[in-house]
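Q: So that we are looking at the same thing, I have put the structure below in structure tokens.
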Amino acid sequence: MHPTITASLWTGIRKGLRSSFGIIRVMLPVTLVVTLLKISPALDWLSEICKPLMGLVGLRGETAIPFILGSVLNLYVAIGAMIPLALSAKETTILATMLLISHNLIVETAVIRGMDAPWVWLLLLRILAAFFMGFMLSWML
Amino acid sequence: MDALIPPAVSAELLRSLFAFLKVSGMVLLIVTPIITVMELLRIYHWLDRLLTPLHHLFYWMRIRKESVVALVVGLIFGIAYGGGVMMEEKNSGALNKRDALLIGVFLSLCHALIEDTLIFAAIGADLLIILFVRTGFAVLVILILSRLLPRGPKIS
């Protein structure tokens, strides 16, 4: 027998709130660290280094921080890192598209491997597709 | 006496703090209802009723009806859930290699379409662009791949 709709609704809301606060807790330290980097000269230095890479997709060098963090870890870490950078709408759209294609690669590649799909090719495809789409968008937007 | 923290620094800290609070509020407003609805979908098996129309939607992929479940679950809930459904099918011996490959490729390129898309839209990305660029690219890859792969033995 199914539980009542009210009970299920409460279960859902509790789960939702727990996830939301979990996400906020993940974002907080990342936002803090990137803000501190921004205050220090370190961000400009990192930005200079990553300029050739992110310049391909029309973004500032420092956007490599959320892109790499998001690709290796997850989207919420990436969003936490995007907060202090104060990106424009165009930059946010480009970076969001790239991150939506290429994120959480360690965990998700393990899942893909479990599905018996060609994970090495798919891993490469995701990273290349992210840059290709970023390039197209930087050119079109 | 000078302020302990230079004004430029405190301005930066404040700006980050406000942006963080704003995004946190959005996460609460977006993620909580989505998880709630997903939980209801799961408890009441509402997805099962949508399966026949969804199978028609993915007709062009030429995959088995059972595989459409894994795909739809992955597209809505995320790759871990879709992968979980695929594992169950694999263990029961129902999954064929062609379906596994197509769904693996599709889900690795796009999944968790609702939550991830809305969160990025909330922080200022263009919703239509981020949604359609990703799904469009995945559909294109799958269209090509599903035509290249020979169709497996006909089951249903």
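Q: Which net charge results for the neighbourhood of residue B:93, defined as the other residues with beta-carbon distances under 14 angstrom from its beta-carbon, given Lys and Arg at +1 and Asp and Glu at -1?
A: Its environment carries a net charge of -2.
Q: Under a point spin-label approximation (7 Å from Cα along Cα-to-Cβ), what is the residue A:44-residue B:97 distance to one decimal in nm?
A: 5.8
Q: Tell me which DSSP H helices of chain B clear both cut-offs, 15 Å or more of axial length from alpha-carbon atoms and a mean Kyte-Doolittle hydropathy of at least -1.0.
A: Within chain B the helices that satisfy the rule are B:7-44, B:46-57, B:65-77, B:79-91, B:97-109, B:127-148.
Q: Can you give the direction-averaged projected area of the convex hull of the alpha-carbon atoms in the stretch B:63-136, in nm²?
A: 4.7
Q: Taking 7 Å along the Cα-to-C-beta vector as the label spot, tell me the residue A:51-residue A:26 distance in nanometres, rounded to one decimal.
A: 3.3
Q: Sticking with this structure for a sec: Please compute the Cα-Cα pair-distance distribution of the protein assembly as shown with 10 Å bins starting at 0, giving whole percents from short to long.
A: Taking all Cα pairs of the protein assembly as shown, the binned fractions are 6, 25, 31, 22, 10, 3, 1, 0, 0 percent.
Q: Hand me the tally of lysine pairs in the stretch B:2-156: alpha carbons under 17 angstrom apart, and the pair either on different chains or 8 or more positions apart.
A: 4
Q: In nm, to one decimal, how far is the residue A:127 label point from the residue B:132 one, both placed 7 Å along Cα→Cβ?
A: A separation of 3.1 nm, rounded to one decimal place.
Q: So, one more: How large is the dipole of chain A about the Cα centre if only Lys and Arg carry +1 and Asp and Glu carry -1, each at its Cβ, rounded to the nearest 20 debye?
A: 380
Q: Please name whichever of A:9, A:137, B:70 sits farthest to the positive end of the charge dipole of the protein assembly as shown, dipole taken about the Cα centre and charges placed at Cβ: Lys and Arg +1, Asp and Glu -1.
A: Toward the positive end, the furthest listed residue is B:70.
Q: Same structure again: Using helices alone, I'd like the mean residue ellipticity at 222 nm for chain B: each DSSP H run of four-plus residues gives -39500 (n - 2.57), total over residue count, nearest 500.
A: That calculation yields -26000 deg cm²/dmol at 222 nm.
Q: Quick check: net charge around residue B:106, other residues with Cβ under 12 Å of its Cβ, Lys/Arg +1 and Asp/Glu -1?
A: 0
Q: While we're looking at this one, here's another question. When a footprinting reagent is the concern and you count Cβ atoms within 10 Å, what order do A:108, A:48, B:88, B:115 take, fewest first?
A: Going from least to most buried by this count: A:48, B:88, B:115, A:108.
Q: What's the magnitude of the charge dipole for the stretch B:39-145 around its Cα centre, counting Lys and Arg as +1 and Asp and Glu as -1 at the beta-carbon? Answer in Debye, nearest 20.
A: The dipole of the stretch B:39-145 has a size of about 400 debye.
Q: Can I ask one more? Sort out for me the Cα centre separation of the stretch B:62-131 from the stretch A:32-55, rounded to whole Å.
A: 34
Q: Would you mind getting the Kirkwood hydrodynamic radius of chain A from its Cα pairs, rounded to one decimal in Å?
A: 16.7
Q: Lys and Arg at +1, Asp and Glu at -1: add these up for the other residues within a Cβ distance under 14 Å of residue A:42 and post the number.
A: -3
Q: Roughly how large, in nm² to one decimal, is the mean projection of the convex hull of the alpha-carbon atoms in the stretch A:56-121?
A: The orientation-averaged projected area of the Cα hull of the stretch A:56-121 comes to 4.6 nm².
Q: In square nanometres, what is one fourth of the surface area of the convex hull spanned by the alpha carbons of the stretch B:21-156?
A: Quarter of the Cα hull surface area: 8.8 nm².
Q: For residue B:4 and residue B:37, what is the calculated FRET efficiency with R₀ set at 51 Å and r taken between the beta-carbons, to the nearest 0.05?
A: 0.60
Q: Normalising by the residue count of the stretch B:101-156, find the relative contact order in percent from Cα pairs under 8 Å and 6+ residues apart.
A: So the answer I get is 46 percent.
Q: DSSP loop trypsin sites (Lys or Arg not before Pro) in the stretch B:19-62 with at most 16 other Cβ atoms within 10 Å of their Cβ, which ones?
A: B:62
Where a number appears in this text, it was derived from the coordinates with a stated rule and is not lab data. These numbers were taken from a predicted model, which means no experiment stands behind them. Cβ atoms come from the backbone with ideal geometry, glycine included; neighbour counts cover every protein chain shown.
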